[in-house]
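The values are calculated or read from the model by the stated rules, or taken from the named source; none is laboratory data. Fair warning: this is a prediction, and the values are worked out from it, not measured in the lab. So basically every Cβ, Gly included, is an ideal-geometry build from the backbone, and we count neighbours across all protein chains shown. Side chains included, ligands, DNA and RNA excluded: accessible areas come from the protein's heavy atoms. Shrake-Rupley method; radii C 1.70, N 1.55, O 1.52, S 1.80 Å.
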Amino acid sequence: MNLFKKAETITQIPWYVLASVDQYERNVRRTRNDIPKAKGVIGIYIKPEIWTGLQNPDKSDTNPTSISLFGGIGIDGNGDGKAEPDNDEDVLFTFAAYLLSYGVDLENIKIGLWDYYQRDKTIGLISGHMKLFQKYGRLDLDQHSFPVPIRFNYSFKNTWGDARGWGGRRIHEGTDIFANYGVPVSSTCYGIIEMKGWNRFGGWRLGIRDSSNTYHYFAHLNGFADGLQVGQIVEPGQLIGSVGSSGYGPPGTSGKFPPHLHYGMYKDNGRTEWSYDPYPQLKVWERAEYRKRKRK
């Protein structure tokens, strides 16, 4: 946070913009093998040819003058006379300076982000991070909660990858939490509502994107909490709907299977998105809820 605030003071690029880019890139690095691991606390990765310049014969060049001469964006952010792509201040101030070339208002900053990433999904993810960081004014938004209250009767086991036949052969991309109709369903994270409505497979379903680039998918709901809108910020434990058995048909279809919450998790790596098994996370969050209950 100190680095982000320092860069904001000097460049006028809002700290939460820089924090959001850094958060997005850090998440991508964790899921990709073709990007080197960060050596410092800043996760932003700038390709050598972008840092030093496309025509620069020395891709390890750290001389700010020659880098500028060849059209590279790397700059000396800490005043040591070198523009080093693995130095936190150099990287952060380089990216801030790049955005500053477009302007300090958010619309122009987003244009700069588009020119840099060339991917709508990426701009959407970074924009979501911005909303979260700006609202809460802090970076530690990785708290989670179990999606149904542990005081209710429910059951679940690891069903990720099981075969499903309705609508064509496919695998089950989530964990089913069986409970009675109307049992409350809450957000598992701090995030932005990315999707809300009907899907012929998932029925009434809701999708929430958190600050780790993870998409949390809640399906077969009986209905939604009042006032929920796409683009809205939600918090762990916030009511979003209730358990139902909707889906497997046109809007309104219900009762083709026992009531349950289908909960899925999907990760974006800057190129594509894929599902992964949410069961281990659910068990961790469930145990945490029981520990909190015992402390009371």
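Couple of notes before you dig in:
- Couplings for region 43-49, taken from phi via the Karplus curve 6.51 cos²θ - 1.76 cosθ + 1.60 with θ = phi - 60°, read x, 5, 10, 10, 4, x, 5 Hz in order; Gly and Pro are left as x.
- Extension reserve of the TRP198-GLU273 stretch, reckoned as 0.36 nm per residue once the Cα distance is removed: 24.9 nm
- Degrees separating the helix 279-295 axis from the principal Cα axis of the chain, which is the longest one: 80
- The chain: relative contact order in percent, alpha carbon pairs under 8 Å with at least 6 residues between: 15
- Region 207-216 - phi-based ³J(HN,Hα) in whole Hz, Karplus 6.51/-1.76/1.60, Gly and Pro as x: x, 10, 9, 9, 7, 9, 6, 8, 9, 9
- For the peptides 121-132, 65-76, the ranking by mean Cβ contacts within 10 Å, running from highest to lowest, is 121-132, 65-76.
- Shape of region 1-75, Cα gyration tensor, a/c cut at 1.5: oblate
- Across q = 0.12, 0.13, 0.18 Å⁻¹, region 146-296 modelled as identical point scatterers on its alpha-carbon atoms has Debye log10 I(q)/I(0) values of -0.47, -0.55, -1.11, in the order of the q list.
- Accessible area of region 221-270 belonging to carbon and sulfur atoms, whole % at 1.4 Å probe: 52
- Our Cα-only numbers for region 60-197 put the radius of gyration and Dmax at 23.1, 67 Å.
- Cα gyration tensor shape of region 31-96, rounded if a/c is under 1.5, else prolate or oblate by comparing a/b with b/c: oblate
- Working from label points 7 Å from Cα in the Cα-to-Cβ sense, the LYS157 to LYS256 distance is 2.4 nm.
- Using a probe of 1.4 Å, the accessible surface attributed to ARG293 totals some 130 Å² when neighbouring protein chains are kept in position.
- Alpha-carbon spread of the chain, three principal axes, descending order, Å: 68, 47, 31
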